Amino acid sequence: MPEIVETILEVRWGECDPAGIVYHPAYFDWFSVARMHFFKHNDMPYMEQFHDNGVVLVVLDARCEFLKTVRAEDMVRIEASLSQRSKSRLKVHYDVFDEQGTLCGRGYTAHAYVDVKTNRAVNLAKRAPQLWQRLEGVPLIADAAV
């Protein structure tokens, strides 16, 4: 299972302010896309493995540090990795690079496992043991400071 999964995106005009500079909420959309790719490339497609099993990942915390301007039509590479994992929560780390490989932003999203029907946090090992077993096999990276 890959420790880091890369997602390549082209910056769309709709993600930018009138000056053509990426508007900060776009990063969180990119994080969501990268997170879905991360799970898919680790043999855990989100919709199939989480959602279809009645478990959703609810965002508890999200943070991004913006380091360099990104503009419309630029290509960005988002590297997603799992930085924390417990039976009740996980944290995914993201680094955003431009085409030259310059770090433009970094951040994370922290999530709780929540039962779709009860809307309550669950112990994933008890609620979906096979999914927990798969998630335990995903390598962790050191939790980067943001």
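The values are calculated or read from the model by the stated rules, or taken from the named source; none is laboratory data. Keep in mind the model is a prediction, meaning the values are calculated, not measured. Note: ideal-geometry Cβ built from the backbone for every residue, glycine included; neighbour counts use all protein chains shown.
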Look at Ala110 and say whether it is more than 16 Å from Glu6 (Cα to Cα), touching an Asp or Glu at 6+ places or on another chain (Cβ under 7 Å) and modelled with pLDDT of 95 or more.
yes
Checked pairs for the stretch 31-53, first in contact (Cβ under 8 Å) with a residue 40 or more places away in the chain and closer than 20 Å to Phe97 by Cβ, second crowded, with 16+ Cβ neighbours inside 10 Å and among the small types (Gly, Ala, Ser), C-beta under 7 Å and 6 or more apart or across chains, list as Phe31/Gly107; Ala34/Ala80; Arg35/Ala80; His37/Ala80; Phe38/Ala80
If you take the residues in the stretch 85-108 that are small (Gly, Ala, Ser) and buried (at least 16 other Cβ atoms within 10 Å of the Cβ), which one is nearest to Ala62 (Cα to Cα)?
Gly107
Taking the stretch 59-84 and keeping only residues that are over 11 Å from the mean Cα position of the chain (by Cα), assigned to a strand (DSSP E or B) and crowded, with 16+ Cβ neighbours inside 10 Å, one is left with Cys64, Val76, Arg77
Identify the residue in the stretch 85-114 that is assigned to a strand (DSSP E or B) and β-branched (Val, Ile, Thr) and, among all such residues, is farthest from the chain's Cα centre (by Cα).
Val114
